[in-house]
1. Output the residues belonging to segment 56-77 that are assigned to a strand (DSSP E or B) and not charged (D, E, K, R).
2. Kindly establish whether Asp52 is more than 11 Å from the chain's Cα centre (by Cα) and closer than 16 Å to Lys29 by Cβ.
3. Listed residues Arg64, Arg94, Arg131; which is in contact with a Gly (Cβ under 7 Å, 6 or more places away or on another chain) and at pLDDT 90 or above?
4. Can you list the strands (runs of 3 or more DSSP E) lying wholly within segment 84-142 that have 2 or more residues being touching a residue at least 60 places away in the same chain (Cβ under 8 Å), within 30 Å of Glu35 (Cβ to Cβ) and open to solvent by 60 Å² or more (accessible area, probe 1.4 Å)?
5. Return a yes/no flag: does segment 72-81 have any residue that is over 18 Å from Gly36 (Cβ atoms) and open to solvent by 50 Å² or more (accessible area, probe 1.4 Å).
Amino acid sequence: MRSFIFSTLFFFILPSCQINPEEYRIQGKILGLEEGMALLKRRVDSEFITIDSSEINMGIFTFRGSLESPEMCYVYIADTLPYLRFFNENARIRISAHIDSLRNPEITGSSSQDLISAFNLRMLPFEARLRESYASYRKASQ
């Protein structure tokens, strides 16, 4: 009888502990920032549209929502600071950055972000070679 009760409780409690695959939850931490407002934006027809906002308390903010498919999103902290860019998808995503280096956040939980990060890493040698070639071209054309 006791095992029946535990297995029944387990059956009902376990699904409530999991994130809904139909929604995203973004938890962010900005070191060096105590308070403010974070805006989650998407780009529509070359215009940034705010889709959610969150108060920053002790450097922490949270967004929740759902998407039909992964898309590039942006977190704005203030008008004068760089934005955080990442692939958002229906998953539990964590963003961590320092206020002085918002262009280099640590992002986990998004498989689409993992793919673009791996791609960008593989592109670094090609970009370096392109910069070298362009510098040689400019030097030769002077």
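1. Residues of segment 56-77 that are assigned to a strand (DSSP E or B), as a first pass: 56-57, 60-65, 71-76.
Within segment 56-77, Ile56, Asn57, Ile60, Phe61, Thr62, Phe63, Gly65, Met72, Cys73, Tyr74, Val75, Tyr76 meet the criteria.
2. The answer is no for Asp52.
3. Values: Arg64 fails: in contact with a Gly (Cβ under 7 Å, 6 or more places away or on another chain); Arg131 fails: in contact with a Gly (Cβ under 7 Å, 6 or more places away or on another chain).
It is Arg94.
4. Numbers: elements: 84-88, 92-98, 106-108.
Fully inside segment 84-142 and qualifying: 92-98.
5. Filtering segment 72-81 down to residues over 18 Å from Gly36 (Cβ atoms) leaves 72-73.
Subsequent filtering for residues that are open to solvent by 50 Å² or more (accessible area, probe 1.4 Å) retains 72.
Scanning segment 72-81 turns up at least one residue that is over 18 Å from Gly36 (Cβ atoms) and open to solvent by 50 Å² or more (accessible area, probe 1.4 Å).
The rows are residues; the columns are (1) surrounded by 14 or more Cβ atoms within 10 Å (Cβ to Cβ); (2) at pLDDT below 50.
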{"position": "Ile5", "(1), (2)": "no, yes"}
{"position": "Thr8", "(1), (2)": "no, yes"}
{"position": "Asn20", "(1), (2)": "no, no"}
{"position": "Gly32", "(1), (2)": "no, no"}
{"position": "Met37", "(1), (2)": "no, no"}
{"position": "Leu40", "(1), (2)": "yes, no"}
{"position": "Arg43", "(1), (2)": "no, no"}
{"position": "Ser46", "(1), (2)": "no, no"}
{"position": "Ile56", "(1), (2)": "yes, no"}
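The values are calculated or read from the model by the stated rules, or taken from the named source; none is laboratory data. Predicted model only: the values in this text are computed from it and were never measured. Methodologically, a virtual Cβ is constructed for each residue, glycine included, from the backbone with ideal geometry; neighbour enumeration extends over all protein chains shown. Protein only, heavy atoms only, side chains kept; ligands, DNA and RNA dropped before computing areas. Shrake-Rupley method; radii C 1.70, N 1.55, O 1.52, S 1.80 Å.
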